[in-house]
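Student: Quick one: this structure, given as structure tokens, is what I'll be asking you about.
The values are calculated or read from the model by the stated rules, or taken from the named source; none is laboratory data. Note that the structure is a prediction, hence the values are computed from the model and not measured. Cβ atoms come from the backbone with ideal geometry, glycine included; neighbour counts cover every protein chain shown.
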Amino acid sequence: MITQSTPFDKQEAILSAALRLFVEYGFHGTPTSKIASEAGVAHGTLFHYFKTKDELVITLYNSINANFRAYLSENATPATSIKDRFKNLFYYSVQWSLQYKNEFYFTQQFHFSPHFKQLGTEAEEMGQQSYLHRALYTEALQTNIFKPLPIELITSLCMSQLVGTYEYLINTNFPDDKQDEVIDKIIELTWAMFTQPEAI
């Protein structure tokens, strides 16, 4: 019996192919014709689902961002203290990046591309990290646990720490227990960087 692809299957095939090709060749080095060929659909079919290449890029980013938020919501278990919540979010953000390397790399490409500006100011701010991160940073500022720094700076510096942790870990060959030890040390350093002396 021959089964036909559903519209959802075709759309997912296009997004999956786009992710692989964007990571390998970049946005400008990946024409839509190549994405369609990789996805096994006609070139015109791609434009049935995505009117422009920009729309495809942004849809892919939003899909990955939703996956990231869902992963954190499922794995970063609630904790009482702000410090424990900070540790949970940082740890599982790193774990997500290691499990979904292409997706993580793509989000970094996206954040430094003109496409990011198309999201609008609020979406840009939320896009750097999840709303869970931003809500936590806001609470830490309001309760004077964090030093009085702009939240945009805190978000940017935390993201830099996350990217640095990811790059270090993928270039090493630590066993899982050693990897967790490294992440814990980086979390403590990052926490100390932002907190008031009495909160450490």
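Student: Within region 117-127, identify whether any single residue is more than 22 Å from residue 191 (Cβ to Cβ), out of contact with any Asp or Glu (no Cβ under 6 Å at 6 or more places or on another chain) and at pLDDT 85 or above, and answer yes or no.
Tutor: The answer is no; no qualifying residue exists.
Student: Something else now. Which of the residues that make up region 13-59 are in contact with a helix residue (DSSP H, G or I) (Cβ under 7 Å, 6 or more places away or on another chain) and aromatic (Phe, Trp, Tyr)?
Tutor: 22, 27, 49, 50, listed by residue number.
Student: Let me ask something else. Would you kindly identify the helices (runs of 4 or more DSSP H) lying entirely within region 5-50 that contain at least 1 residues that are in contact (Cβ under 8 Å) with a residue 40 or more places away in the chain and touching a His at 6+ places or on another chain (Cβ under 8 Å)?
Tutor: Output list is empty.
Student: Look at residue 38 and say whether it is in the same structural domain as residue 181 (by TED's automatic domain parsing) and either of a type in the set (Val, Ile, Thr) or modelled with pLDDT of 95 or more (or both).
Tutor: No; evaluated as a whole, the condition is false for this residue.
Student: Give the residues of region 69-123 that are surrounded by fewer than 16 Cβ atoms within 10 Å (Cβ to Cβ) and touching a Leu at 6+ places or on another chain (Cβ under 6 Å), sorted by residue number.
Tutor: 102
Student: Out of all the residues in region 20-37, which are crowded, with 16+ Cβ neighbours inside 10 Å and closer than 14 Å to residue 53 by Cβ?
Tutor: 21, 22, 27, 30, 32, 35, 36
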